[in-house]
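Contents: one structure, followed by commentary.
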Number of protein chains: 2
Amino acid sequence: MYSIGIDLGGTNIVSAVVNDKYEIVASAKTPTNSPRSAQEIFDDIARVSFEAVEKAGLTMKDIESVGMGTPGTVNGEGVIEFANNLVFNNVPAKQMLIDRLGVEKVYIENDANCAALGEAYAGVGNGAKDFVAVTLGTGVGSGVIVDGKIVNGVNFAGGECGHMVIMVDGEQCTCGRKGCWEAYASATALIRQTKEAMEENPDSVMHQLAAEEGKVSGRTAFDAMRKGDIAGIKVVDQYIKYVACGLINLVNALQPEIICVGGGICNEGDTLMKPLQRFVQAERYSIYSKIQTKIVKAQLGNDAGVIGAAILGKVKED
Amino acid sequence: MYSIGIDLGGTNIVSAVVNDKYEIVASAKTPTNSPRSAQEIFDDIARVSFEAVEKAGLTMKDIESVGMGTPGTVNGEGVIEFANNLVFNNVPAKQMLIDRLGVEKVYIENDANCAALGEAYAGVGNGAKDFVAVTLGTGVGSGVIVDGKIVNGVNFAGGECGHMVIMVDGEQCTCGRKGCWEAYASATALIRQTKEAMEENPDSVMHQLAAEEGKVSGRTAFDAMRKGDIAGIKVVDQYIKYVACGLINLVNALQPEIICVGGGICNEGDTLMKPLQRFVQAERYSIYSKIQTKIVKAQLGNDAGVIGAAILGKVKED
């Protein structure tokens, strides 16, 4: 059997037909062109979904269920209560998809949770029932899976682990709190930390690297470190310590089988992952346990979202 | 039907017969006298359990299941892998209880998790499926319940929310990390904060209060605050802020229906709970959600552990 996974993003809408081995059979995409009315956006979602089904050599009758990941908060009735960057307020997403696609089983979920599901079932999680996915991007996104199900909490706003404070009275976070993990461990935070170090170290090779790239990026300090630049090394060491701090917090609270770390910064590979794993090993509360949480790099990249969305039907019904 | 709940503590062993309304029908207790051999301790556990059953006017044939809460880490086979303060190492607790009580359904669980279950099912949780219990005592204990089940994690060491860092490079914690929530929000931490404030404020009424009580306690700063002592007010304000920080972290990660706060400090009642609730309301990520996590005072006190243990059979089989 087949299902459709949709990733409604701020930039693009992607729809993919996924088979029961969690493989993408065909996909189609179109720009979101937000802000637009929900009607227009959902018409485009339907259009690319029919397009993906046709590409797969199928019809909607072959589709068992449809899942969609969206930014923002989705309630139990499949209504997007609030999605800041789409300017959506109480959009009845589930019903709008049922009406347009003619498929009865439709599931809507937050996009970070879909990505977590995708990695847990079809990616690096390999079916792990207790799993956390963390994405180091503009913010620090996360999805928490306990006993095979997404932890939505009482109001479907659960899983915002990026907004756990690791530094009381620390850096201002966009959420209003001070000292959130996101304010130290996101790519945005790394860029801020890099810029601060550059100001303090006018001789650092980071200035040259940033000039060559045309901007300070999440790579600047890592590249400088590889050139032996002391200031770059310090930025990277401190950044990795911040990332590790939040990971260890999650290990101590939940002891999941796997925590996977994704986002652009993860392209650093072992340069990032090895020290993270060492920090976790040294500081976790469960030092005496024979079984330990694995800290691994995400595997599916951008596909995690659509695959996770396509799996929603399976997960929500179990 | 009836079940037995046992609380194996560092000081006392308590065994209670609990009915299907989660009420204690009869109980018996004896000193733990630790360190002793596991054989001796389990003989005493059996003795008080038979005593409790007799007091209830029942026999072991009326007992459907037995649950026990213990300090330390308990694995899936009911073996206490490690319990520091009982000097237990790989004690086959489940089998030892089956042998001594002749009841087949026996369940062993960490004591903080039992207390959480007790409050969730029979106390302030009133059956809440997503529930966190936090105890502010010598340390900060916690039990996390998701979808009606204890979050044990992959190695049965989950739920150690007291060991989530809220201050990178902060106060040394007994677990080895620096800046754990426990190092700021436990009764032990409050006493340390009170002593530090007393040193800095030789005129504070806290000196007099401590002299009258014969020691600095978790009450000293609260009592001083009630007398209008500025140093006392500052200690209490800061302490409540630390407690709130960890609670908000849990709200943002899990959005449980209820977080209950227990331990001796909670005797302060609304003096503690009202400002905690205000902090959570102001800082939680889910400011737009209609439904919000309730922050409430624990209800069952010391009974939470035995009642939770008695419920284990029901919860583990569902």
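The residues listed here are A:Ala298, A:Ala310; of these, the one that is open to solvent by 20 Å² or more (accessible area, probe 1.4 Å), away from chain B (no Cβ under 11 Å) and within 17 Å of the chain's Cα centre (by Cα) is A:Ala298. Name the single residue, out of those in the range B:278-295 being farther than 15 Å from A:Met164 by Cβ and under 20 Å from the mean Cα position of the chain (by Cα), that is surrounded by the fewest Cβ atoms within 10 Å (Cβ to Cβ). Result: B:Lys294. For A:Lys234, indicate whether it is open to solvent by 70 Å² or more (accessible area, probe 1.4 Å), over 24 Å from A:His207 (Cα atoms), assigned to a helix (DSSP H, G or I) and away from chain B (no Cβ under 14 Å). No. Scanning the range A:258-271 for residues that are within 30 Å of B:Asn84 (Cα to Cα), at pLDDT 95 or above and part of a helix (DSSP H, G or I) turns up nothing.
Would you mind finding the one in A:Glu64, A:Glu51 that is open to solvent by 30 Å² or more (accessible area, probe 1.4 Å) and closer than 21 Å to A:Asn113 by Cβ? Unique residue meeting the criteria: A:Glu64. Restricting A:Gln172, A:Gln95 to those that are open to solvent by 10 Å² or more (accessible area, probe 1.4 Å), of a type outside the set (Phe, Trp, Tyr) and within 14 Å of another protein chain (Cβ to nearest Cβ) reduces the list to A:Gln172.
Among residues belonging to the range A:141-162 that are farther than 16 Å from A:Thr73 by Cα and touching a residue at least 24 places away in the same chain (Cβ under 8 Å), point out the one that is most open to solvent (accessible area, probe 1.4 Å). The selected residue is A:Lys149. Take the conditions (1) closer than 21 Å to A:Gly10 by Cα; (2) more than 10 Å from every other protein chain (Cβ to nearest Cβ); (3) of a type outside the set (Phe, Trp, Tyr); (4) open to solvent by less than 10 Å² (accessible area, probe 1.4 Å); A:Ala120 misses just one of them, which is (1). Within the range A:250-271, is even one residue away from chain B (no Cβ under 13 Å), polar (S, T, N, Q) and either open to solvent by 10 Å² or more (accessible area, probe 1.4 Å) or free of Cβ contacts under 8 Å to residues at least 60 places away in the same chain (or both)? Checking the range A:250-271: at least one residue is away from chain B (no Cβ under 13 Å), polar (S, T, N, Q) and either open to solvent by 10 Å² or more (accessible area, probe 1.4 Å) or free of Cβ contacts under 8 Å to residues at least 60 places away in the same chain (or both). If you check B:Ile191 against the conditions, is it open to solvent by 20 Å² or more (accessible area, probe 1.4 Å) and either aliphatic (A, V, I, L, M) or not in a helix (DSSP H, G or I) (or both)? So B:Ile191 passes the test. Taking (1) of a type in the set (D, E, K, R); (2) in a strand (DSSP E or B); (3) farther than 28 Å from B:Gly139 by Cα in turn, B:Arg47 satisfies each apart from (2). Of note, B:Asp130 does not satisfy the criterion of being modelled with pLDDT under 95, within 13 Å of chain A (Cβ to nearest Cβ) and in contact with an Asp or Glu (Cβ under 8 Å, 6 or more places away or on another chain). Among the criteria (1) in contact (Cβ under 8 Å) with a residue 40 or more places away in the chain; (2) of a type in the set (A, V, I, L, M); (3) surrounded by 24 or more Cβ atoms within 10 Å (Cβ to Cβ); (4) within 11 Å of chain B (Cβ to nearest Cβ), the one A:Val165 does not fulfil is (1). Of the strands (runs of 3 or more DSSP E) lying entirely inside the range B:62-149, those carrying at least 1 residues that are under 28 Å from A:Gly148 (Cα atoms) are B:63-70, B:80-83, B:106-110, B:131-136, B:140-146.
Quick one: which of A:Glu212, A:Glu182 is at negative phi, away from chain B (no Cβ under 11 Å) and open to solvent by 10 Å² or more (accessible area, probe 1.4 Å)? Of the residues listed, the single one that is at negative phi, away from chain B (no Cβ under 11 Å) and open to solvent by 10 Å² or more (accessible area, probe 1.4 Å) is A:Glu212.
The values are calculated or read from the model by the stated rules, or taken from the named source; none is laboratory data. This structure is a prediction, so every number in the text was calculated from the model and none was measured. Using ideal geometry, Cβ is built from the backbone for each residue, glycine included, and neighbour counts are taken over all protein chains shown. We work out accessible area using only protein heavy atoms, side chains counted, and drop any ligands, DNA or RNA first. Shrake-Rupley method; radii C 1.70, N 1.55, O 1.52, S 1.80 Å.
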